[in-house]
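Since the structure comes first, as C-alpha cells, the remarks are kept for the end.
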Amino acid sequence: MLIDLPVPLILGSMSPSRNALLKAAGLEFETHPAGIDEDAIMKLVMRDKGAAAGDVAEILARAKAELVSSRHPGALVIGSDQVLALGEELFQKPATLEEARKTLLALQGKTHHLHCAVALARDGDVHWAHVETAQLIMRALTPEDIGRYLADAGDAVLSSVGAYQLEGLGVHLFEKISGDYFTILGMPLLALLSQLRKESKRTP
C-alpha cells in the first residue's frame, strides 16, 4: 500500500466516478452515502449567504463528511461535491433526460466552470478541505446534436453535473478544457492523496 492509514477510510458517496478514482489510486475504503438533500442545501446557502460556487461545493463536501463521520466513530471520511457555474447560474445533476437536454442547451457554445471540493472528517469534525476549479468550453451544438448525444449516452448522463462524463462520450461535446482532469471527473484527487499521506503518519 502506498498510503497506509491508521484508521478505516470511508467515501461518503456512492458516486461511481469518485469510487473509481479512489480504487484506481489503490486505496482501501468503504462507501457510505450521506443521503443529504444537496439541492435544498445549495438553495439555502445561496439565499442566506450569497456564497460563490466554490463555497457552495465546499459546504456540501463538508456536510457529507461531517454527517457520515458522525455515524462511523474513529473512521476518516471523505466528502466531495461538485458545482457547475455558468456565469452566476449554478447547476446540479439533472433528474431527467429532459433536464439534461435543457442543461446542455444552456451550456453549448459557452464557457463554464466546475468547482469541485473535497473534505476529510473524523468523529463529526472536518479538519481539512480543498477546492479546485476547472474551465471548460463546450462546442456549439444544435438541438439535433444534443439529441443524438443523449440517445447514445443514455441515463448515464444523470449521474453527472452538466449531463456529461468527460471520460466517456461527453468528451465529444468539448472544444477546450483547462484545469485538473481529476477535478473535472469529480474529485481533486492529487490534493486528497497529498493530505492522506500526511494522515498516514499520524497515530490513531
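The values are calculated or read from the model by the stated rules, or taken from the named source; none is laboratory data. What you see is a predicted model, and the numbers here were worked out from it, not measured in a lab. Here the Cβ is made from the backbone with ideal geometry for all residues, glycine too, and neighbour counts use every protein chain on show.
Right, VAL118: among the β-branched types (Val, Ile, Thr) and under 16 Å from THR183 (Cβ atoms) or not? Considered against the rule, which asks whether it is among the β-branched types (Val, Ile, Thr) and under 16 Å from THR183 (Cβ atoms), VAL118 comes out as yes. Here ALA63 passes the criteria (1) farther than 16 Å from VAL161 by Cα; (2) crowded, with 24+ Cβ neighbours inside 10 Å; (3) not hydroxyl-bearing (Ser, Thr, Tyr) except the one numbered (2).
Being under 18 Å from the mean Cα position of the chain (by Cα), surrounded by 15 or more Cβ atoms within 10 Å (Cβ to Cβ) and not hydrophobic (A, V, I, L, M, F, W, C) is the filter here, so list the residues in segment 115-166 that pass it. Those that are under 18 Å from the mean Cα position of the chain (by Cα), surrounded by 15 or more Cβ atoms within 10 Å (Cβ to Cβ) and not hydrophobic (A, V, I, L, M, F, W, C): HIS115, HIS130, GLU132, THR133, SER159, SER160, GLY162, TYR164, GLN165. Taking (1) in a helix (DSSP H, G or I); (2) more than 25 Å from ALA53 (Cα to Cα) in turn, LEU105 satisfies each apart from (2). Taking each residue of segment 62-75 that is in contact (Cβ under 8 Å) with a residue 12 or more places away in the chain and looking for partners that are of a type in the set (Ser, Thr, Tyr) and part of a helix (DSSP H, G or I) with beta-carbon atoms closer than 7 Å, six or more apart or interchain, yields ALA75/SER69. Checked against the criterion of being in a strand (DSSP E or B), at pLDDT 95 or above and not basic (Lys, Arg), the candidates VAL77, VAL83 yield just one match: VAL77.
Among the residues of segment 183-196, how many are farther than 17 Å from ILE137 by Cα and in a helix (DSSP H, G or I)? Working first, answer last.
Taking segment 183-196 and keeping what is farther than 17 Å from ILE137 by Cα, we get 186-196.
Subsequent filtering for residues that are in a helix (DSSP H, G or I) retains 189-196.
Residues flagged as farther than 17 Å from ILE137 by Cα and in a helix (DSSP H, G or I) within segment 183-196 amount to 8.
Residues in segment 167-196 that are within 24 Å of ILE78 (Cα to Cα), surrounded by fewer than 14 Cβ atoms within 10 Å (Cβ to Cβ) and modelled with pLDDT of 95 or more: SER194 only.
Restricting ALA100, ALA95 to residues that are surrounded by fewer than 16 Cβ atoms within 10 Å (Cβ to Cβ) and within 18 Å of the chain's Cα centre (by Cα) narrows the list to ALA95.
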